[in-house]
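Enquirer: What follows is a structure written as structure tokens; I'll ask about it next.
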Amino acid sequence: MDALGFERTQNATERVASEYESYPATLSNALRDIPCFQDTLQRCRGSKLTIHVVGASEDSEMWGNHPSMKQRKNVWRCYADALAEVTEDFQLQLISIVFIGPDCPHEAIDTVVSIPPVRKKTGAGTLHVTTMRTAYGQMSSKV
């Protein structure tokens, strides 16, 4: 492969990577900027916010097809980083993200990540990530 071909391949790979890495930022920006979420965030102030991502897939929201294996392993850290300002601004102790969809991983994910501080000296809160491999309408009433 010549230098131009390598550069084009590299640029394409970076564009694909940025698409995956935009999921956490988009979630955070939506929470902060879309007016209909403000009442919910105010009600959750000082406690817990639960987010259901309906129609989630391992390949997309969970970065299963991310071009960098190293970045795939950092997916939850990136979600925690992206949600740090929301966590601090609304003094959330816990953000729980439940990814639901028939294309979620076969083996359920249940992991906890510390959300880093943005302006404070202490940690902002905790991110709890779980997955459910099912269609949203077929979930049990226990969720």
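Enquirer: Can you pull out the residues in the stretch 53-75 that are of a type in the set (S, T, N, Q), modelled with pLDDT under 80 and within 20 Å of residue 102 (Cβ to Cβ)?
Expert: First pass over the stretch 53-75, keeping only residues of a type in the set (S, T, N, Q): 57, 60, 65, 68, 71, 74.
Applying the additional criterion that residues be modelled with pLDDT under 80 yields 65, 68, 71.
The one that is of a type in the set (S, T, N, Q), modelled with pLDDT under 80 and within 20 Å of residue 102 (Cβ to Cβ): 65.
Enquirer: Pairs only if they're at least six apart or on different chains, beta carbon under 8 angstrom, first in the stretch 93-106 and more than 16 Å from residue 136 (Cβ to Cβ), second buried (at least 20 other Cβ atoms within 10 Å of the Cβ) and among the small types (Gly, Ala, Ser); list them, first residue then second.
Expert: Between residues of the stretch 93-106 that are more than 16 Å from residue 136 (Cβ to Cβ) and residues that are buried (at least 20 other Cβ atoms within 10 Å of the Cβ) and among the small types (Gly, Ala, Ser), the close pairs are 93/125; 94/125; 95/125.
Enquirer: Hey, does the stretch 129-142 have a residue that's buried (at least 19 other Cβ atoms within 10 Å of the Cβ) and aromatic (Phe, Trp, Tyr)? Give the derivation first.
Expert: Filtering the stretch 129-142 for residues buried (at least 19 other Cβ atoms within 10 Å of the Cβ) gives 129, 131-132.
Keeping just the survivors that are aromatic (Phe, Trp, Tyr) gives none.
So far as the stretch 129-142 goes, no, none of its residues is buried (at least 19 other Cβ atoms within 10 Å of the Cβ) and aromatic (Phe, Trp, Tyr).
Enquirer: If I go through the stretch 28-63 residue by residue, how many of them are open to solvent by 30 Å² or more (accessible area, probe 1.4 Å), assigned to a helix (DSSP H, G or I) and touching a residue at least 12 places away in the same chain (Cβ under 8 Å)?
Expert: Count: 2.
The values are calculated or read from the model by the stated rules, or taken from the named source; none is laboratory data. The model shown is predicted, which means the values in this text are computed figures rather than measured ones. Quick reminder, even Gly has a Cβ in these numbers, built from the backbone with ideal geometry, and neighbours come from all protein chains shown. Please note that ligands, DNA and RNA were not included when accessible areas were found on the heavy atoms of the full protein model with its side chains. Shrake-Rupley method; radii C 1.70, N 1.55, O 1.52, S 1.80 Å.
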